[in-house]
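Derivation of every value follows stated rules applied to the coordinates shown; laboratory data play no part. Just so you know, these numbers come straight off a predicted model, no measurement behind them. Quick reminder, even Gly has a Cβ in these numbers, built from the backbone with ideal geometry, and neighbours come from all protein chains shown.
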Ligand SMILES: NC(=O)c1ccc[n+]([C@@H]2O[C@H](COP(=O)([O-])OP(=O)(O)OC[C@H]3O[C@@H](n4cnc5c(N)ncnc54)[C@H](OP(=O)(O)O)[C@@H]3O)[C@@H](O)[C@H]2O)c1
């Protein structure tokens with residue numbers, strides 16, 4: 001049986017990867033504080049002891065706003081940390097799987113970005129993630145880099161406190177209408193489907209850079225309205241003008257196209273509305289709602 005090491009195993013995506021690889025693979029999960037990707041010696045020691053065939057790295061500095069003033073911390077995890085994992089995986093003869101972001105693009109478009117489109121990050125988080133994916137692609141001869149966007153699922157990202165679905169549930173509580181901006185268009189993605197797509201790619205022996213997001217596009221306001229509609233909540237999400245933000249530049253349009261997945265006939269990502277509905281009606285979705293709203 002092949003052995004997979006999952007770094008960031010208690011995070012949003014990592015916890016679903018742990019579930020998806022539980023059958024048919026031997027799985028070992030790592031996370032802070034026992035393994036820190038910025039600590040090369042510790043990383044080498046832990047992975048050498050586990051002897052994995054595949055190393056999946058979900059560890060990231062994901063606080064987009066804070067990264068502007070914490071550049072070193074963002075680059076330490078997203079750039080140097082990613083390179084550490086890729087280099088150790090290469091030395092162990094293991095495949096390295098890494099995740100990138102839609103924020104590598106500047107958003108100056110009106111159609112979903114393909115893998116062949118030129119990145120141009122607008123902020124520190126995007127720049128640190130772009131540097132990291134380039135290091136993985138250069139370091140390891142056997143690698144997969146999956147760029148994704150707007151993750152949500154059963155396990156929220158600890159450092160953010162709540163995912164977007166939970167934020168919308170809380171905003172709508174006791175209201176008849178709420179307001180969100182239509183400024184940003186994206187491809188919100190369910191962590192469980194992304195984890196399953198990762199397994200499909202690995203088992204097909206695919207390598208290189210892939211975009212892996214739910215099909216279709218929406219604005220965050222449209223996504224919020226769908227969260228409430230599917231949950232049987234009558235609250236209306238009205239468009240509100242986006243507020244000027246002098247401190248953080250965010251790309252306006254960051255939907256991605258799963259162009260390579262389609263070209264290789266390996267796309268398993270459903271439409272964003274189908275994935276959202278399946279998640280909200282799943283046991284994990286119901287439990288998250290219970291934990292969020294009580
Ligand atoms: N979330 C999104 O919307 C989104 C969008 C585009 C791309 N992505 C990418 O998708 C991947 C997975 O994201 P996610 O949302 O699952 O993130 P997450 O929920 O923050 O999970 C990352 C996990 O890695 C851990 N970690 C952080 N720094 C570490 C370090 N130095 N060494 C070892 N582990 C560390 C975190 O621990 P702590 O919780 O204790 O920090 C957490 O358990 C990342 O590469 C991210 O950049 C995410």
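Okay, here's what the table says:
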| item | result |
| --- | --- |
| Percentage relative contact order, region 1-141, counting C-alpha pairs under 8 Å, at least six apart | 24 percent |
| Cα→Cβ-extended label distance, 7 Å offset, between residue 120 and residue 41, nm | 4.4 nm |
| For region 154-285, the fraction of alpha-carbon pairs in successive 10 Å shells from zero, as % | 11, 36, 35, 15, 3 |
| Peptide ranges 116-124, 59-67 listed from the most packed, as the mean C-beta count within 10 angstrom indicates | 59-67, 116-124 |
| Point-to-point label distance, residue 109-residue 10, nm (Cα→Cβ direction, 7 Å offset) | 3.7 nm |
| Distance from region 229-280 to region 162-221 (C-alpha centre basis), Å | 5 Å |
| Angle in degrees between helix 191-203 and the longest Cα principal axis of the chain, rounded to the nearest 10 | 30 degrees |
| Antiparallel bridge percentage (DSSP; both residues within the chain; nearest 5) | 5 percent |
| Helix axis angle, 124-139 relative to the chain longest principal axis, alpha carbon, degrees | 30 degrees |
| Theoretical FRET efficiency, 1/(1+(r/R0)^6), r = Cβ-Cβ of residue 230 and residue 19, R0 35 Å, to 0.05 | 0.95 |
| Mean separation of Cα contacts under 8 Å (6+ apart) over length of the chain, as relative contact order % | 20 percent |
| Nearest 10 degrees, 0 to 90: helix 82-91 Cα axis against the chain principal axis | 30 degrees |
| Spread of Cα-to-Cα distances over 10 Å intervals beginning at zero, given as percent, for region 3-293 | 6, 29, 37, 22, 6, 0 |
